[in-house]
Amino acid sequence: MGLFFLFNDEKRIGFKKLSDADLGFSESSNQSHIGLYEGLLSFLDNTDVVKSAMLIYEDYCDILDCSFDRIENPDGSFRSPKIRVGNDPTNSVVSKVRYFAHRKPKSEWYLVWFGLESKEIVFWLIEEGSKDYSIARKYFTKDNVVLDENYPVFSEAMDYLLRKINFTSIDIQRDIEIRSQLGDPRHIYKKKDIEKAARLFKQTGREGEELVAQYFEKEKAAKRIDSYVWENRSLESGLPYDFIVDDKIYIDVKSTKFDFNHFLFYSNNEIDFAASKDENTYCVYRIYDVQAEMKKLQICKNCLDYMLSVQNPIKQFQAEIESKQSLLQI
């Protein structure tokens, strides 16, 4: 499945040494923004349309408020792209950059920025003398530059940045997958990322079932089971289970590209079905680390108590809602 976050087709990277005014250190300036360079983020509209962006600093990675805009000239053209503190002075990219910088006021600070395929902006804050700084200087040999595909080490720089953002943002990727299944009430993620996560979730589920089918083939060849039926082999069946083994054991496969403890998603139909079965007739095959070279399988039995603990409050809530002449869509 590869990397989740990919570069925007613009393929340009900005690198800037931040000034005292950018960092809020200047006593003679009340500057509330960080200036960016012309020619980058050209895929964005000219006015204030970007509400969030990703900020990376060492192991920190989060999506924060980000007010991006440009100044309109009298002739209708635009100049001076910048990001502003915005409406939330404690939770914006600018305020967080300044927060980190003010913790080490004697350091010099640098900012890298570029766009992703979803039109998300990524900012990478770098402290001089840090490990990140020594790596960045391999690609950005001069201060205040814009790298594009004509730059000799651009491909290497882009590959490194993609690896860094995909590694550092793993918790964000987890949450995007969750929101792709449950909805994103805060609307902090790009629609394209939500849709991509939903596609990958479905793809991961299919790959997990294929792995389980291969496992059952080996079990059958070793005569540890007599038979199995893969209900979704040709088409998604809509049934609350994926396999039947030896005509009596129902298997639900729950797969994730993340670790074992990542969220499992159950429909109401699946919960009701599982709550009607015991450990001898139902179990969950948890496939995890699907993206890794060595995928992992853990068989979870004794699901009944857990399923009843989930089913009971749902039914109680449904009953309370229905008593008010309302219906709950699940």
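Mean shadow of region 51-109, computed from the convex hull of its alpha carbons, in nm²?
5.1
Can you give me the accessible area per residue for region 149-221, using a 1.4 Å probe, in Å²? Present the calculation step by step, with values, prior to reporting the outcome.
Working: 4240 Å² over 73 residues.
Value returned for region 149-221: 58 Å² of accessible area per residue.
Would you work out if region 1-153 is rounded, prolate or oblate? Take a ≥ b ≥ c from the square roots of the eigenvalues of the alpha-carbon gyration tensor; rounded if a/c is under 1.5, else prolate when a/b is larger than b/c, oblate otherwise.
rounded
Could you pull the Cα extents of region 162-283 along its three principal axes, largest to smallest, in whole Å?
Computed over the Cα atoms, the extents are 48, 32, 27 Å.
PHE123's amide H: which non-local residues (gap 5+, or another chain) put their own amide H closer than 5 Å, with H modeled 1.01 Å from N in plane and none for Pro or chain starts?
Amide H neighbours of PHE123: MET54, LEU55, ILE56.
Pairing the Cα long axis of helix 170-182 with the longest principal axis of the chain, what angle in degrees results, from 0 to 90 and rounded to the nearest 10?
For helix 170-182, the angle is close to 60 degrees.
Of the listed pairs LYS192/LYS254; LYS202/LYS223; LYS17/LYS82; LYS106/LYS131; LYS164/LYS257; LYS17/LYS96, which have alpha-carbon separations greater than 22 Å here?
LYS192/LYS254; LYS202/LYS223
State, to one decimal in nm, how far the label point of SER155 lies from the label point of GLN181, with both points 7 Å from Cα in the Cβ direction.
Between SER155 and GLN181, the simple spin-label model gives 3.8 nm.
Using per-residue counts of other Cβ atoms within 10 Å, averaged over each peptide, order 145-156, 113-124 from highest down.
In decreasing order of mean packing, 145-156, 113-124 become 113-124, 145-156.
With N denoting the number of residues in the chain, provide Rg(C-alpha) divided by 2.2 N^0.38 Å, to two decimal places.
Normalised by 2.2 N^0.38 Å, the Cα Rg of the chain equals 1.27.
Any idea what the dipole of the chain comes to, in debye rounded to 20, about its Cα centre with Lys/Arg Cβ at +1 and Asp/Glu Cβ at -1?
420
With all distinct Cα pairs included, what does the Kirkwood hydrodynamic radius of region 98-245 come out to in Å, to one decimal, could you say?
It is 19.7 Å.
Report, to one decimal in Å, the Kirkwood hydrodynamic radius for region 109-183 based on all distinct Cα pairs.
It works out to 14.0 Å.
If only Cα atoms are counted, what is the Rg of region 234-330, and what is its Dmax, in Å?
Just the Cα atoms of region 234-330 yield Rg and Dmax of 15.6, 52 Å.
Taking only DSSP H segments of four or more residues, each worth -39500 (n - 2.57), what value at 222 nm results for the chain once the sum is divided by all its residues, to the nearest 500 deg cm²/dmol?
One gets -10500 deg cm²/dmol as the mean residue ellipticity at 222 nm.
Distance between Cα centroids, region 16-35 to region 210-285: provide it in whole Å.
58
Quote the charge dipole size of region 1-62 about the Cα centre in Debye, to the nearest 20; the model charges only the Cβ of Lys and Arg (+1) and of Asp and Glu (-1).
Dipole size: approximately 180 debye.
On the accessible surface of the chain, probed at 1.4 Å, how many percent belong to carbon and sulfur atoms?
Accessible surface attributable to carbon and sulfur in the chain totals 48 percent.
Between ASP305 and SER77, 0.36 nm times their residue separation minus their Cα-Cα distance comes to what?
Taking 0.36 nm per residue and subtracting the Cα distance, the gain is 75.6 nm.
Charges only on Cβ, +1 for Lys and Arg, -1 for Asp and Glu: so what's the dipole of region 208-303 about the Cα centre, in debye to the nearest 20?
With Lys and Arg at +1 and Asp and Glu at -1, about 300 debye.
Assuming R0 = 30 Å, what is the FRET efficiency of SER130 and LYS11, from their Cβ-Cβ distance, to the nearest 0.05? Write out the running numbers ahead of the final one.
Numbers: r = 26 Å, r/R0 = 0.86.
For SER130 and LYS11, the calculated efficiency is 0.70.
When only C-alpha pairs under 8 Å and at least 6 residues apart count, what is the relative contact order of region 226-327, in percent?
21
Quote the convex hull volume per residue of region 18-84, based on C-alpha atoms, as a whole number of Å³. All intermediate terms of the calculation are to be shown ahead of the outcome.
On the way: hull volume 7.6 nm³, N = 67.
That works out to 113 Å³ per residue.
Put +1 on the Cβ of every Lys and Arg and -1 on every Asp and Glu Cβ in the chain; which of SER130, PRO74, ALA222 then has its Cα farthest towards the positive end of the dipole?
With unit charges placed on the Cβ atoms, the residue in question is SER130.
Which residue fluctuates the most in the chain, going by a Gaussian network model with Cα springs under 10 Å, if the choices are TYR250, TYR139, TYR266?
TYR266
Have a look at ALA275, ALA101, ALA53 and tell me which one the Gaussian network model of the chain (Cα, springs below 10 Å) gives the largest fluctuation.
Taking springs between Cα atoms under 10 Å, the residue moving most is ALA275.
The values are calculated or read from the model by the stated rules, or taken from the named source; none is laboratory data. Note that the structure is a prediction, hence the values are computed from the model and not measured. Backbone-built Cβ (ideal geometry, glycine too); neighbour counts: all protein chains shown. Surface accessibility is based on the protein's heavy atoms, side chains included, excluding ligands, DNA and RNA. Shrake-Rupley method; radii C 1.70, N 1.55, O 1.52, S 1.80 Å.
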